[in-house]
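Just below is one structure, and these are the notes that go with it.
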Amino acid sequence: MLKYYDYVVIGSGIAGINASESIRKQDASGKILLINGEDRLPYKRTSISKRLSAGFQKEELALKPVEWYEQMTIELVNGTVSQVLLETKELILGNEKIQWNKLIMCTGSKPVEIYPILPPWAGLHYFRNAADVDFIRSQNKGNEHIVIIGGGVQGIELTEQMLSLGNKVSLIHHAKMLMNRHFDDFMADHLGQLLKEKGVEVFLETQAIAMQKIENKCFEIILDRGEPLRYDKIIVSIGTMPDIHLASEAGLKTNKGILVDQFLKTSHPDVYAAGDVAEHSGGLVSGLWHAAEKQGMIAGANATGKQFEFEKTNFRLKLNAFNQYYFSMNPQIDNPEFEDVICQKDDKYYRLFFAEERLCGALMMNDKDKAKLLETAIRESVERVEIMRVFP
């Protein structure tokens, strides 16, 4: 006899956790199955690249204690779904076939791979989950030359962590400046100078095009700009892409991600998607923690019969690195339709963007105490005259 659940959630990141919790708030008795694809309790994934050098216990970063699942009567299982069957509303989990009434896909994202440019024999690691932290820590000898590929938030955090473990670090980034999706020239240059002061060799507008073995476990990476670079290990953090393989194989409509409407419903009336895997109208895939958090809540509630809309909202990005604090939220750099005001005081930097005299975006550096105020002001479209009373 098939196991039956009123609700099945595939994926236990923040979207999956919030979807499960939201279901339970709306439906006190429906059977919920939350499928976790890792070897530990669901955890805060955004913390792992900040904790690599110090390490952490297996359940230290758990989003919820094990007792929470029991209290909420949410059945949590560790396993991998190999197939979703839409016609019969079933899925294959390990050796079991599960029947579902409503399904929420929170399968998240996976690292962008750069094979075959970088072969698997060459000390190469992709960084995505807690198991990657365990492996990299177990392999770290200190005093090695580590190459980080990727100059986004995670790449910067990994650079700091590998330096803390006693290694020499080089960072390769394809764009003309670090954090190019979220920073302006000033903040990117500030960060780049900081890395150089820490001894990091930074290669911008550069890509790895080939590799070769030199001797023993020493390798050489060939760059499209400049001389070859010798190294001991490479950690790749060049971004992620929605993990849509289950959805596309099942027959759901996909593009970059799983296509959803304003209610987070997919092309199947009983299947929803939330978090990094969901693609909204206009091709938007958010890729941010707080967006996944909100989407999970909405998808879970709507699976019980509610009709809450997901409104596209700007979410902030923050970077804490080398005792510096960087904040970015909907910056309108080089967009002539928006006005901007730049303020500097000591080591603090603010760049505020306005549309029709109302705050619509901001960049900020080293004023963490004002981060929440700034985030709220952007969401509420505070008038220019009001917000300028707060910033120098």
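The values are calculated or read from the model by the stated rules, or taken from the named source; none is laboratory data. Everything quoted here is computed from the prediction, not taken from an experiment. Note that we place each Cβ from the backbone using ideal geometry, even for glycine, and neighbour counts take in every protein chain shown.
Here are a few things to note about the model shown:
- Cβ-Cβ under 6 Å pairs, at least 6 apart or on other chains, the range 50-66 side within 20 Å of Ser12 (Cα to Cα), far side surrounded by 14 or more Cβ atoms within 10 Å (Cβ to Cβ) and of a type in the set (A, V, I, L, M): Glu59/Leu41; Ala62/Leu41; Leu63/Ile17
- Residue check: Leu373 meets all listed conditions (1) in a strand (DSSP E or B); (2) over 22 Å from the mean Cα position of the chain (by Cα); (3) not basic (Lys, Arg) but one, namely (1).
- Lone qualifier among Glu59, Glu87 - being touching a Leu at 6+ places or on another chain (Cβ under 7 Å) and surrounded by fewer than 15 Cβ atoms within 10 Å (Cβ to Cβ): Glu59
- Wholly enclosed strands (runs of 3 or more DSSP E) of the range 217-299 bearing at least 1 residues of a type in the set (S, T, N, Q): 240-242
- Screening Lys318 on (1) part of a loop (DSSP other than H, G, I, E, B); (2) not assigned by TED's automatic domain parsing to the domain that holds Met211 shows it passes everything except condition (1).
- Residues of the range 176-224 satisfying the condition of being hydrophobic (A, V, I, L, M, F, W, C) and closer than 20 Å to Lys318 by Cβ: Met177, Leu178, Met179, Phe183, Phe186, Met187, Ala188, Leu191, Leu194, Leu195
- Checking each residue in the range 220-257 for being out of contact with any strand residue (DSSP E or B) (no Cβ under 6 Å at 6 or more places or on another chain), closer than 29 Å to Leu178 by Cβ and buried (at least 20 other Cβ atoms within 10 Å of the Cβ) picks out only Ser237.
- Screening Ala291 with (1) at pLDDT below 95; (2) out of contact with any Leu (no Cβ under 6 Å at 6 or more places or on another chain); (3) surrounded by fewer than 21 Cβ atoms within 10 Å (Cβ to Cβ) gives one miss only, at (3).
- Any pair with Cβ under 6 angstrom, 6 or more apart, that starts in the range 72-88 at a residue that is under 17 Å from Gly11 (Cβ atoms) and ends at one that is among the hydroxyl-bearing types (Ser, Thr, Tyr): Ile74/Ser20; Leu76/Tyr69
- Filtered by the rule that a residue be modelled with pLDDT of 90 or more, of a type in the set (D, E, K, R), out of contact with any helix residue (DSSP H, G or I) (no Cβ under 9 Å at 6 or more places or on another chain) and farther than 27 Å from Pro42 by Cα, the range 110-153 gives no residues.
- Filtering the range 207-230 to residues that are out of contact with any Ser or Thr (no Cβ under 7 Å at 6 or more places or on another chain) and in contact (Cβ under 8 Å) with a residue 24 or more places away in the chain leaves Gln207, Ala208, Ile209, Ala210, Met211, Lys213, Lys217, Phe219, Ile221, Arg230.
- Taken over the range 321-334, the criterion of being touching a Gly at 6+ places or on another chain (Cβ under 7 Å) and either in a strand (DSSP E or B) or in the same structural domain as Ser164 (by TED's automatic domain parsing) (or both) is satisfied by Met329 alone.
- In a residue-by-residue description of the range 267-284, the property of being among the aliphatic types (A, V, I, L, M), at pLDDT 95 or above and more than 15 Å from the chain's Cα centre (by Cα) applies to at least one position.
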